[in-house]
1. Being among the hydrophobic types (A, V, I, L, M, F, W, C), surrounded by fewer than 19 Cβ atoms within 10 Å (Cβ to Cβ) and at pLDDT 95 or above is the filter here, so list the residues in the range 83-102 that pass it.
2. For the range 154-192, give me each residue that is touching a residue at least 12 places away in the same chain (Cβ under 8 Å) and in a loop (DSSP other than H, G, I, E, B).
3. Only one of G56, G47 is among the small types (G, A, S) and open to solvent by less than 60 Å² (accessible area, probe 1.4 Å). Can you tell me which?
4. So V32 ticks every box in (1) within 16 Å of D109 (Cα to Cα); (2) modelled with pLDDT under 95; (3) touching a Pro at 6+ places or on another chain (Cβ under 6 Å) but one. Which box is left unticked?
5. Within the range 60-72, identify whether any single residue is among the charged types (D, E, K, R), in contact with a Pro (Cβ under 9 Å, 6 or more places away or on another chain) and either assigned to a loop (DSSP other than H, G, I, E, B) or open to solvent by 30 Å² or more (accessible area, probe 1.4 Å) (or both), and answer yes or no.
6. Return the residues of the range 103-123 that are of a type in the set (D, E, K, R) and open to solvent by 30 Å² or more (accessible area, probe 1.4 Å); say none if nothing qualifies.
7. Would you check which residues across the range 13-37 are surrounded by 14 or more Cβ atoms within 10 Å (Cβ to Cβ) and in a strand (DSSP E or B) and list them?
8. Which pairs turn up if I take residues in the range 47-62 that are free of Cβ contacts under 8 Å to residues at least 24 places away in the same chain and of a type outside the set (A, V, I, L, M, F, W, C) and look for partners that are open to solvent by 10 Å² or more (accessible area, probe 1.4 Å) and part of a loop (DSSP other than H, G, I, E, B) with beta carbon separation below 9 Å, at least 6 apart in sequence or on another chain?
Amino acid sequence: QNIEAKGNGMVILNGDATPSAADHTDFGWTTVSSGMITKTFTILNSGTSSLTLTGGTPVTLSGAHAGDFTVLMQPTSPVGPMGMDMFQVQFDPSAAGMRNATVNIASNDCDVPNYTFDITGKGAVPQAISVFGNGNQITNRASTASVSDDTDFGSTGGMVSHTFTINNIANGSPLSLTGVPKVTIADRDASDFTVTA
């Protein structure tokens, strides 16, 4: 028996710690506590004997925000030689910003008895426009700069660039950015900052 996992038809290596939208390990953005995203993953057995998925629930979740993810459908055991089965994971964030967890698949694969890979998603509060820095949401009219959301540029004798993301989470409604330019800087010391893109 030889276990392998795939998402969106792409192989997810055991121990993969770099979630990607391409293989469904990055669930993307959704609204906190009301927006749910479900991804389907495949377990393959490329060996010549049956792969037994062990434990009452062979697919489990662990990590900092495991509670924001749910295994909706467990795979069926055993998985025959050159066979496959599927399981589903749902993401429903409980807070804004990056939410991370690890998928664990227990089996009788003698080389990899616990197959793991990281998953991630991003929560957004329910408003049409949301702005994020460093993966963390910046509250409208926030008056305190923070390193965690890139609004604190730190101390420097040269130039420092930070990238911010504008996200539209309104259901089916486009967000129009108005004005020329669309992003401006005001208040004292505004001349020390420049919008480059």
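1. Correct list: M84, M86.
2. Pass one, the range 154-192, residues touching a residue at least 12 places away in the same chain (Cβ under 8 Å): 161-170, 173, 175, 181, 183.
Selection gives S161, H162, T163, I169, A170, S173, L175, P181, V183.
3. Numbers: G56 fails: open to solvent by less than 60 Å² (accessible area, probe 1.4 Å).
G47 is the lone residue from the list that is among the small types (G, A, S) and open to solvent by less than 60 Å² (accessible area, probe 1.4 Å).
4. Against the list (1) within 16 Å of D109 (Cα to Cα); (2) modelled with pLDDT under 95; (3) touching a Pro at 6+ places or on another chain (Cβ under 6 Å), V32 comes up short only on (1).
5. Restricting attention to the range 60-72, the residues satisfying the condition of being among the charged types (D, E, K, R) are 68.
Remaining after also requiring in contact with a Pro (Cβ under 9 Å, 6 or more places away or on another chain): 68.
If we keep only those that are either assigned to a loop (DSSP other than H, G, I, E, B) or open to solvent by 30 Å² or more (accessible area, probe 1.4 Å) (or both) too, we end up with none.
Checking the range 60-72: not a single residue is among the charged types (D, E, K, R), in contact with a Pro (Cβ under 9 Å, 6 or more places away or on another chain) and either assigned to a loop (DSSP other than H, G, I, E, B) or open to solvent by 30 Å² or more (accessible area, probe 1.4 Å) (or both).
6. Kept after step one, since they are of a type in the set (D, E, K, R), are these residues of the range 103-123: 109, 111, 118, 122.
D111, D118, K122 - these are the residues of the range 103-123 that are of a type in the set (D, E, K, R) and open to solvent by 30 Å² or more (accessible area, probe 1.4 Å).
7. D16, D26, F27, W29, T30, T31, I37
8. Within 9 Å, the pairs are G56/Q74; T57/Q74.
The values are calculated or read from the model by the stated rules, or taken from the named source; none is laboratory data. The model shown is predicted, which means the values in this text are computed figures rather than measured ones. Cβ: placed from backbone, ideal geometry, glycine included. Neighbour counts: every protein chain shown. For accessibility, only protein heavy atoms count, side chains too; no ligands or nucleic acids. Shrake-Rupley method; radii C 1.70, N 1.55, O 1.52, S 1.80 Å.
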